[in-house]
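Each value in this text was obtained by applying a stated rule to the coordinates, not by laboratory testing. Note that this is a predicted model, so its numbers are computed, not measured. Cβ sites come from the backbone with ideal geometry, for glycine too, and all protein chains shown count toward neighbours.
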Amino acid sequence: MPLGQAQQTWQAVGEAEPFGADFWVEAWQKAKDASPLKSSQRADPQRWRDFYHKVGAAWQQVWGEPWVMGRRVSELLLHEGLIGAGSTVLDLGCGPGTMAIPLAEAGALVTALDSASGMIAALTEEARQRGLEGIEARCQCWRDVLPVPAYDLVLAASFPPALGVEGLRRLESLTRGHCALVLSSGGDPFSFRRQLWERALREPYPSGGFHQACALNYLLASGRQPNLRHLSWNQRYSQPLESVVGFYKAYFAIFGVRGAKVEEDIRRVLAPWVKDGTVEARGRVGIAVIWWNKQP
């Protein structure tokens, strides 16, 4: 969380015991309330579900090289003993299999949940092409899963509904062992994304770094013993221009920004990165992995 944002949040929750569990509960909620992304997800969740359904097949490609993230996180979880051959994993908000596919390739038995049927269809097809049988993919809301501790590990990777105290407690209700969050470190490897957001929406680019600070500190303050590991790697972005334009037109439409003007803005921002009809960029990805053992 940027220092200025943190100071404003601390002032807003100044009546809570300084840096106790209640402090972080309030700080997290205040930060989420101030997020334009969270506000839109709360105001019109169906519009977001429709978007995720529509872009399911293209999601992996549009974000660069997402399989790298899945492999890196799976390697970490294996090294730390959180998964192994035959371990049961619940992947919440699984998308097209960014984590579920590498986890299954590492030998875990994965139950993958997402409420967007397009994402589940993309995951199922990818698993079929790779000959993977260790994934049970369900098009289901995560809140409809019975709170029974049936899994060795419950994982939420870049899954907004899990990012809050209620979400963490929900994760714990489903595991008999560990919980894990995979979060952005707050930056973005490709600067054109920031420029697209600010040009189309006329708002400062949101940073998700506060999730890492609030989740980690809430867990510490509430008596858990969370572990934190940062991972980073160089990444290349190479996608057809028309695919990128189509993706961002659909994305900004969630916020009510549509029409010829937004497409013009998208193409103008992307122009410096376009070569022979392809958007080309390089950057360094940074993520945080937080994991902990559920409270007895």
Suppose R0 equals 30 Å; then what is the FRET efficiency for residue 245 and residue 166 from their Cβ-Cβ distance, rounded to the nearest 0.05?
-> 0.20
Calculate, in nm to one decimal, what residue 128 and residue 257 gain on full extension: separation in residues at 0.36 nm each, minus their alpha carbon distance.
-> 42.8 nm
Determine one quarter of the surface area of the Cα convex hull of region 137-223, which equals its mean projected area, and express it in nm² to one decimal.
-> 7.5 nm²
Take the chain, connect every pair of alpha-carbon atoms lying under 10 Å apart with a spring to form a Gaussian network, then pick out the residue of 132, 109, 155 with the largest mean-square fluctuation.
-> 132
What are the residues whose amide H is under 5 Å from the amide H of residue 137, where those residues sit 5 or more places off or on another chain and H is modelled from the backbone?
-> 112
Sum of side-chain charges, residue 196 neighbourhood, beta-carbon under 11 Å (Lys, Arg +1; Asp, Glu -1) = +3
P(r) weight above 28 Å for region 18-157, C-alpha pairs, percent | 26 percent
With an 8 Å cut-off on Cα pairs and a minimum separation of 6 or more residues, tell me the relative contact order of the chain in percent.
-> 20 percent
Can you work out the FRET efficiency for the pair residue 221 and residue 65, with r the C-beta to C-beta distance and R0 = 35 Å, to the nearest 0.05?
-> 0.45
Per-residue Cβ contact counts at 10 Å, fewest first, order 50, 276, 91 as 276, 50, 91
Where is the GNM fluctuation largest for the chain (alpha-carbon springs, 10 angstrom cutoff): 193, 268, 169?
-> 268
Can you work out the FRET efficiency for the pair residue 268 and residue 232, with r the C-beta to C-beta distance and R0 = 30 Å, to the nearest 0.05?
-> 0.50
Sort the following peptides by mean Cβ neighbour count (other Cβ atoms within 10 Å, averaged over residues), highest first: 244-251, 111-118, 195-202.
-> 111-118, 244-251, 195-202
Around residue 208, which amide H atoms from residues at least 5 apart in sequence, or from another chain, sit under 5 Å from its own amide H, with H modelled in the peptide plane?
-> 186
Using a Gaussian network model of the chain with C-alpha springs under 10 Å, which one of 260, 271, 106 is most mobile by mean-square fluctuation?
-> 260
Over region 174-241, equivalent-ellipsoid semi-axes from the Cα gyration tensor in Å = 31, 16, 10
